[in-house]
Amino acid sequence: MDIKQIFKNNQEWVQEKLITDANYFKNLSEGQNPDILYIGCSDSRVTAEELMGVSPGEVFVHRNIANMIPNTDLSSMSVICYAVSHLKVNHIVVCGHYYCGGVKAAMQSQDLGILNPWLRNIRDVFRLHREELNGIRDEENRFKRLVELNVQEQCVNVIKTSEVQRAHRERGITVHGWVFDIHSGKLIDLKIDFSKILEHVMEIYRLE
Ligand SMILES: [Zn+2]
């Protein structure tokens, strides 16, 4: 990848946008009103906007290694707070992907330095679902299932925040768990039962 090429690409992109709409960037500069917060993996193969077919301005995006929402992570907590309480999004998507390097690393016994505390959150997901995961003989299928369960647990972490609990009560915000299948390019809706999880976690995690 030639860095100079990126600036050439950018010029071409600007021209393309202006041909179809002369006010494109003027309109973009006037503010954003996205309806969706997307939380995905930093993996270079899993681009947020492209795989959803959405344009700039439509989705507020947060990406980190293995699409995690640790409750002490100031970055993801700030993103949720801003998207929910200020931008007033009505949907939060946690999108994982099969063959996620972060999830893979958490399945192995290896000291990865500063990555250890981050990946430990995924090991916790494994521990929570140890029985089911250890029951899967095929290693690839176990890996894929951990990706799905990690998405599910991160959705639970989203629901634990006071902003989301308040927005659910006030305007019925919904949390969705998806997986991107790199093999087929398809987005899979894990059909996580938001209401049931909410009911279940609120017994312990209700904040207001
Ligand atoms: Zn990943």
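Against the definition (within 16 Å of the ligand (Cβ to nearest atom), under 26 Å from Ala105 (Cα atoms) and open to solvent by 20 Å² or more (accessible area, probe 1.4 Å)), how does Thr47 come out, yes or no?
Values: within 16 Å of the ligand (Cβ to nearest atom): yes; under 26 Å from Ala105 (Cα atoms): yes; open to solvent by 20 Å² or more (accessible area, probe 1.4 Å): yes.
Judged against the criteria, Thr47 is a match.
Confirm whether Leu207 is open to solvent by 30 Å² or more (accessible area, probe 1.4 Å), of a type in the set (A, V, I, L, M, F, W, C), in contact with a Lys or Arg (Cβ under 9 Å, 6 or more places away or on another chain) and assigned to a loop (DSSP other than H, G, I, E, B). Can you show your working first?
Details: open to solvent by 30 Å² or more (accessible area, probe 1.4 Å): yes; of a type in the set (A, V, I, L, M, F, W, C): yes; in contact with a Lys or Arg (Cβ under 9 Å, 6 or more places away or on another chain): yes; assigned to a loop (DSSP other than H, G, I, E, B): yes.
Yes; evaluated as a whole, the condition is true for this residue.
Only one residue in Glu131, Glu163 is of a type in the set (Asp, Glu), out of contact with any helix residue (DSSP H, G or I) (no Cβ under 7 Å at 6 or more places or on another chain) and open to solvent by 20 Å² or more (accessible area, probe 1.4 Å). Which one?
After ruling out the rest, the residue left standing is Glu131.
Identify the residue in segment 62-87 that is more than 17 Å from Trp118 (Cα to Cα) and either of a type in the set (Gly, Ala, Ser) or touching a Pro at 6+ places or on another chain (Cβ under 7 Å) (or both) and, among all such residues, is farthest from the ligand (Cβ to nearest atom).
Our first condition is that a residue be more than 17 Å from Trp118 (Cα to Cα); within segment 62-87, this holds for 78-87.
Now drop any that are not either of a type in the set (Gly, Ala, Ser) or touching a Pro at 6+ places or on another chain (Cβ under 7 Å) (or both), which leaves 78, 83, 85, 87.
Working: Ser78: 21, Ala83: 21, Ser85: 28, Leu87: 25 Å.
Out of the qualifying residues, it is Ser85.
Just a yes or no: is a residue in segment 141-156 over 17 Å from the mean Cα position of the chain (by Cα), away from the ligand (no atom under 16 Å from the Cβ) and over 21 Å from Val201 (Cα atoms)?
Applying the first criterion (over 17 Å from the mean Cα position of the chain (by Cα)) to segment 141-156 yields 141-143.
Now narrow it down to the ones that are away from the ligand (no atom under 16 Å from the Cβ): 141-142.
So of that shortlist, the ones also over 21 Å from Val201 (Cα atoms) come out as 141-142.
Yes, some residue in segment 141-156 is over 17 Å from the mean Cα position of the chain (by Cα), away from the ligand (no atom under 16 Å from the Cβ) and over 21 Å from Val201 (Cα atoms).
When the residues of segment 112-128 are narrowed to those that are within 30 Å of Glu49 (Cβ to Cβ) and within 16 Å of the ligand (Cβ to nearest atom), which ends up surrounded by the fewest Cβ atoms within 10 Å (Cβ to Cβ)?
So, considering only residues that are within 30 Å of Glu49 (Cβ to Cβ) and within 16 Å of the ligand (Cβ to nearest atom), the one surrounded by the fewest Cβ atoms within 10 Å (Cβ to Cβ) is Leu112.
Looking only at segment 88-111, count how many residues are within 12 Å of the ligand (Cβ to nearest atom) and free of Cβ contacts under 8 Å to residues at least 24 places away in the same chain.
Within segment 88-111, residues that are within 12 Å of the ligand (Cβ to nearest atom) and free of Cβ contacts under 8 Å to residues at least 24 places away in the same chain number 1.
Condition first: of a type in the set (A, V, I, L, M, F, W, C) and not in a helix (DSSP H, G or I). Now tell me which residues in segment 4-32 satisfy that. Can you show your working first?
Taking segment 4-32 and keeping what is of a type in the set (A, V, I, L, M, F, W, C), we get 6-7, 13-14, 18-19, 22, 25, 28.
The one that is of a type in the set (A, V, I, L, M, F, W, C) and not in a helix (DSSP H, G or I): Ala22.
Out of all the residues in segment 166-183, which are more than 18 Å from the chain's Cα centre (by Cα) and open to solvent by less than 70 Å² (accessible area, probe 1.4 Å)?
Restricting attention to segment 166-183, the residues satisfying the condition of being more than 18 Å from the chain's Cα centre (by Cα) are 166-172, 183.
Matches in segment 166-183: Ala167, His168, Gly172.
The values are calculated or read from the model by the stated rules, or taken from the named source; none is laboratory data. Keep in mind it's a predicted model, so treat the numbers as computed, not measured. All Cβ positions, even for glycine, are placed from backbone atoms using ideal geometry, and neighbour counts span all protein chains on display. Each accessible area value is taken on the protein alone, full model and side chains, heavy atoms only, with ligands, DNA and RNA left out. Shrake-Rupley method; radii C 1.70, N 1.55, O 1.52, S 1.80 Å.
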